[in-house]
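Below is one structure; the comments refer to it alone.
Bear in mind that the values in this text are calculations on the coordinates, not laboratory data. Keep in mind that what you see is a predicted model, and the values were worked out from it rather than measured. Here the Cβ positions follow ideal geometry from the backbone for every residue, glycine too, while neighbour counts run over all protein chains shown.
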């Protein structure tokens with residue numbers, strides 16, 4: 001049987017096809033494994049693609065030399081089995097590796113923490129199996145080439161099978177396996193394909209069945225363990241954990257609220273306080289100043305770009321039921337969670353669309369536009385440029401108010417807040433800024449330069465006592481925004497790099513105490529402090 005397998009072009013080309021498919025599937029799975037911890041930004045994608053390309057290049061080199069020294073195909077198929085088992089272990093062990101590396105680096109380095117953590121995590125988890133898969137092509141060239149007269153044809157055919165497999169490995173995880181079954185199951189599906197190739201070879205060769213049975217048992221044990229716990233396995237009170245095409249999604253319940261997060265380690269995207277009322281002086285409450293500034297007796301048209309689970313929309317509907325609200329949210333699953341867990345009213349329509357694309361297709365004008373769009377922890381670059389804010393201005397009523405949430409508070413002329421403020425200031429002449437909550441900052445702007453003066457008298461007339469107190473405080477404390485910073489454009493908007501730097505600064509500030517203990521008292525002192 002061994003001879004017939006080697007003489008079977010179908011089996012050898014199938015090996016190339018499924019190996020190419022698995023490389024791309026693992027690459028896409030890697031992005032989803034890292035995203036809940038480090039985001040799915042262009043920076044993280046660069047790390048993943050670069051690391052995997054390095055691993056496969058080294059595998060190409062080593063695989064070619066290995067095949068020349070010993071052209072026994074059993075060596076290749078053993079490597080496929082090892083790679084399959086490693087990939088099957090990723091859903092179970094990968095999150096522990098990520099947390100261990102992040103925990104070590106958070107007290108060891110001061111800058112580029114997320115970038116370093118993502119890079120080292122990617123190295124530790126994915127280099128070895130992708131190195132093994134990189135050996136497939138040169139080995140198959142060796143096995144398939146009987147003479148030099150047709151070697152170019154063989155290489156071209158193998159390349160075609162690998163490319164077609166890679167195409168399927170790109171589309172299947174994104175549109176089928178991850179949305180339907182999740183990241184863990186996707187790793188298991190494609191590792192199972194590799195395992196099947198290896199087992200088919202050795203079974204066809206008539207090798208001993210007991211080691212092969214043990215290999216299958218190990219694969220199923222890893223599959224069971226990998227699907228038993230989620231990304232945030234340590235978080236109590238989880239009511240939902242899942243994935244969509246765009247996001248990792250987590251709904252957790254605390255003593256005081258239900259919270260939506262799209263990142264495991266930090267961030268609150270939406271909140272539903274228990275017992276009703278406002279969200280506890282979080283930024284959602286301050287945004288209510290926009291309709292307060294404009295509301296007389298007429299209903300307002302309010303647009304929310306980045307509706308999330310609808311915290312602002314729900315609060316606005318409760319306090320100002322006469323206003324017409326429209327939400328835009330790119331992630332349909334988040335809207336489903338909003339209806340299910342966060343009491344988003346049925347009479348608040350939510351359009352599943354990208355915020356900028358929606359404005360380009362929409363012809364209406366709005367009295368209030370609230371921009372709260374984020375991809376994990378970074379602002380989508382297409383919704384941070386001067387061209388985008390000009391489009392927003394064209395959809396805003398002459399006396400309308402735009403509110404933009406900066407989810408990471410930074411200082412300095414080179415920070416992301418300064419750049420966004422400068423960009424928006426290039427379009428809107430009047431603005432006020434207020435720090436809201438722990439890390440958020442809100443920017444209110446309008447074409448009407450008198451709008452800040454209207455808040456204090458409007459606040460005094462409110463009948464809602466909690467909102468009246470908050471609006472009076474806002475009228476006293478908001479300030480004109482500081483000038484400075486780079487104006488972001490469609491051509492140049494490095495929001496992901498700026499966002500990573502802002503998060504680094506927040507982490508550095510929060511962990512400075514522990515780093516100091518580590519420097520002064522060593523590891524034992526750090527363990528005692530923890």
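Miscellaneous remarks
- Residue 123-residue 245 FRET efficiency (beta carbon distance; Förster radius 35 Å; 0.05 resolution): 0.85
- Here the extension length gained between residue 506 and residue 390 equals 38.7 nm, from 0.36 nm per residue of separation less the Cα-Cα distance.
- Net lengthening on full extension, residue 298/residue 100 (0.36 nm per residue, minus Cα-Cα): 65.7 nm
- Set against the labelled values (1) 29; (2) 49; (3) 35, percent of Cα pairs over 40 Å apart computed from this structure falls on (3).
- Spacing of the two label points (7 Å from each Cα toward its C-beta) at residue 361 and residue 160, in nm: 3.9
- Three-way shape call for segment 408-486 based on the alpha-carbon gyration tensor, with the a/c threshold at 1.5: oblate
- Degrees, to the nearest 10: 183-205 long Cα axis against longest axis of the chain: 0
- Over the chain, dividing the summed -39,500 (n - 2.57) contributions of all DSSP H runs of at least 4 residues by the number of residues returns a 222 nm mean residue ellipticity of -19000 deg cm²/dmol.
- With both residues required to sit in segment 275-495, DSSP beta bridges show an antiparallel share near 50%.
- On Cα atoms only, tilt of 465-477 relative to the major axis of the chain in degrees: 90
- Between 0 and 90°, nearest 10: helix 416-425 axis offset from the chain longest Cα axis: 50
- Cα→Cβ-extended label distance, 7 Å offset, between residue 109 and residue 466, nm: 4.3
- Cα shape, segment 337-485, gyration tensor, a/c 1.5 rule: rounded
- Euclidean distance of C-alpha centroids, segment 177-193 and segment 241-299, integer Å: 31
- Burial order of peptide ranges 385-394, 338-347 (average beta-carbon count within 10 Å, highest first): 385-394, 338-347
- DSSP bridge analysis restricted to the chain gives an antiparallel fraction near 65%, rounded to the nearest 5.
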